[in-house]
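Scroll down for the structure; my scribbles are underneath it.
The values are calculated or read from the model by the stated rules, or taken from the named source; none is laboratory data. None of these values were measured; they are calculated from a predicted model. Counting neighbours? That spans all protein chains shown, and the Cβs are built from the backbone with ideal geometry, glycine included. When the accessible area is computed, the model is the full protein with side chains, heavy atoms only, and any ligands, DNA or RNA have been set aside. Shrake-Rupley method; radii C 1.70, N 1.55, O 1.52, S 1.80 Å.
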Amino acid sequence: MRGSLGRGSRRSGLRPLATVCVAAVAACSGDANPAVPTPGSGTTPSDDSGAVCTIPLADIFDGGVGRDGIRSLENPKRVGVDHEEASYLIAEDRVIGIEVDGQAIAVPHNILWWHEIVNFDLGDTKLAVTFCPLTGSSMVFDRSAAAGSEFGVSGLLFRNNLIMFDRDTESLWPQMMRESTCGISTRSTLPLYPAVEMNWTGWKALHPEGTVLSSRTGFSRSYTRYPYGDYEEVNNAETLFPHPDVSERRPPKERVLGVLQGGDGGTAFPFGVLERWPVQAAHVRSSGRDAVVLWDRSAEAAMAYFRDSDRGTLSFKVAADQIVDEETGSVWAVNGLAVSGPLAGARLEPVPDAYVAFWFSWATFQPETLVWFGS
């Protein structure tokens with residue numbers, strides 16, 4: 001299943017952090033956040049600062065590296081797609097693609113295996129590009145909800161998912177909960193920023209003038225080596241720490257595009273279903289609006305877009321292995337761009353509340369999710 005691996009010959013054969021000690025902890029470091037309660041206390045206390053914890057402490061584990069033991073990056077160097085400092089990437093390596101004010105930027109998983117968070121200050125736009133290798137979740141956040149604070153890696157995990165912390169208040173933010181759950185920022189939410197995850201070849205084809213993170217990050221890391229052994233194998237049910245039971249409707253490590261739909265469980269679009277077709281278009285709802293999920297097997301990419309346009313609400317279908325809208329017959333690419341036809345050059349608005357994750361983690365955080373099985 002190509003959409004669920006993508007490491008090929010680079011697999012090291014190592015087990016994922018097999019010697020890490022399992023220990024629940026209450027803060028990023030011994031005295032980083034004294035307002036966070038002691039695990040096992042059975043309480044969610046608060047103090048005069050208003051600091052509370054709203055998640056079960058029994059589900060918080062220490063990854064063993066400590067706060068900043070996995071060091072986030074801040075505005076790292078970027079280079080062109082054909083630059084020598086981008087040669088650490090091979091065709092099937094996966095990247096998280098963002099666009100800000102016309103700038104197309106690729107943030108590779110290769111970098112994020114080792115750093116997990118990249119903070120960007122792009123004019124007035126302050127983003128945190130995040131990836132949790134244990135839950136396979138690629139999520140980009142608008143940092144304005146945290147007053148623009150940079151985010152770091154706490155070293156803690158909630159249901160095997162990355163817990164971030166903001167450097168201003170040291171509050172804890174589990175990535176897939178999209179909000180602060182411990183500290184004085186508790187119950188603040190982080191809005192998602194649209195991003196498209198795909199393989200390196202697909203991203204370069206769509207963005208030949210784009211930029212990508214340089215291998216020269218200032219840290220000595222092997223950005224060509226996947227450090228988690230066979231953890232990403234699609235049928236591998238192993239998790240680093242104990243995990244709640246997960247529906248067996250899909251393989252545990254299969255990638256899905258999850259589309260949130262307000263208060264319900266959203267819809268998961270499994271890559272193992274989507275890859276039956278070279279391209280696909282599936283209608284869905286998000287935030288009360290009509291949307292469409294576009295799929296491109298060659299790029300191993302799926303992304304959701306709102307269907308509104310200057311021509312009204314568009315409907316999509318596949319014809320002759322191309323995604324076309326029924327209203328004008330224009331042809332669309334997986335990045336939401338019309339590449340030919342009457343609407344050539346037009347762009348669909350991406351759905352921010354959509355992201356890629358492993359099935360087991362998406363189903364844990366969205367237990368009421370629907371699963372798309374094709375049309």
Exercise. Looking at the stretch 105-133, which of its residues are more than 17 Å from Thr189 (Cα to Cα), open to solvent by 10 Å² or more (accessible area, probe 1.4 Å) and touching a Ser or Thr at 6+ places or on another chain (Cβ under 7 Å)?
Worked result: Glu116
Exercise. Within the stretch 57-76, can one find any residue that is at pLDDT below 85 and farther than 19 Å from Thr201 by Cβ?
Worked result: yes
For this session: Test Arg250 against the criterion of being modelled with pLDDT of 95 or more, surrounded by 19 or more Cβ atoms within 10 Å (Cβ to Cβ) and not aliphatic (A, V, I, L, M), and give yes or no.
Result: yes
Seminar exercise, completed: Of (1) closer than 21 Å to Pro208 by Cα; (2) without any contact (Cβ under 8 Å) to a residue 24 or more places away in the chain; (3) not hydrophobic (A, V, I, L, M, F, W, C), Gly123 satisfies every one except (1)
For this session: Show the residue pairs that are 6+ apart or on different chains and have beta-carbon atoms under 6 Å apart, the first residue being within the stretch 187-200 and within 18 Å of Leu337 (Cα to Cα), the second being among the hydroxyl-bearing types (Ser, Thr, Tyr).
Result: Glu197/Ser138
Seminar exercise, completed: Checking Ser154, Ser144, Ser149 in turn, the sole residue that is more than 29 Å from Tyr231 (Cα to Cα) and either open to solvent by less than 20 Å² (accessible area, probe 1.4 Å) or assigned to a strand (DSSP E or B) (or both) turns out to be Ser149
Exercise. Within the group Val129, Val79, which residue is more than 26 Å from Glu170 (Cα to Cα), assigned to a strand (DSSP E or B) and either touching a Gly at 6+ places or on another chain (Cβ under 8 Å) or not aromatic (Phe, Trp, Tyr) (or both)?
Worked result: Val79
For this session: Look at Arg159 and say whether it is within 27 Å of Val293 (Cβ to Cβ), touching a residue at least 24 places away in the same chain (Cβ under 8 Å) and open to solvent by 10 Å² or more (accessible area, probe 1.4 Å).
Result: yes
Problem set entry | Close pairs from the stretch 61-90: first open to solvent by 70 Å² or more (accessible area, probe 1.4 Å), partner not in a strand (DSSP E or B), Cβ under 7 Å, at least 6 apart | Arg67/Cys28; Arg67/Ser29; Arg67/Ala32; Arg71/His115; Arg71/Phe219; Lys77/Ser214; Lys77/Arg216; Arg78/Ser214
Problem set entry | Candidate set: the stretch 162-198, residues that are acidic (Asp, Glu) and part of a strand (DSSP E or B); chosen: the one farthest from Gly265 (Cα to Cα) | Asp166
For this session: Answer yes if at least one residue in the stretch 319-332 is farther than 14 Å from Ala281 by Cβ and without any contact (Cβ under 8 Å) to a residue 40 or more places away in the chain, and no otherwise.
Result: yes
Exercise. Looking only at the stretch 55-105, which residues are touching a helix residue (DSSP H, G or I) at 6+ places or on another chain (Cβ under 9 Å) and among the hydroxyl-bearing types (Ser, Thr, Tyr)?
Worked result: Ser72, Tyr88
Problem set entry | the stretch 299-319, residues that are acidic (Asp, Glu), on the phi < 0 side of the Ramachandran plot and part of a loop (DSSP other than H, G, I, E, B) | Asp310
Problem set entry | Restricting the stretch 320-348 to residues that are open to solvent by 40 Å² or more (accessible area, probe 1.4 Å) and outside any loop (DSSP other than H, G, I, E, B), the residue that is nearest to Arg297 (Cα to Cα) | Gln322
Exercise. Residues of the stretch 256-284 being out of contact with any Lys or Arg (no Cβ under 9 Å at 6 or more places or on another chain) and not in a loop (DSSP other than H, G, I, E, B), which ones?
Worked result: Leu257, Gly258, Phe269, Ala282, Val284
Seminar exercise, completed: Note: among Leu240, Leu257, just one is surrounded by 19 or more Cβ atoms within 10 Å (Cβ to Cβ), modelled with pLDDT of 95 or more and of a type in the set (A, V, I, L, M), namely Leu257
Exercise. When you go through Ser309, Ser298 one by one, which is the residue that is within 24 Å of Ile98 (Cα to Cα), open to solvent by 10 Å² or more (accessible area, probe 1.4 Å) and modelled with pLDDT under 95?
Worked result: Ser309
For this session: Answer yes or no as to whether Phe219 is open to solvent by less than 40 Å² (accessible area, probe 1.4 Å), out of contact with any helix residue (DSSP H, G or I) (no Cβ under 7 Å at 6 or more places or on another chain) and either part of a loop (DSSP other than H, G, I, E, B) or under 25 Å from Gly152 (Cβ atoms) (or both).
Result: no
Exercise. Among (1) in contact with a Lys or Arg (Cβ under 6 Å, 6 or more places away or on another chain); (2) within 30 Å of His243 (Cα to Cα), which single condition is Ser287 missing?
Worked result: (1)
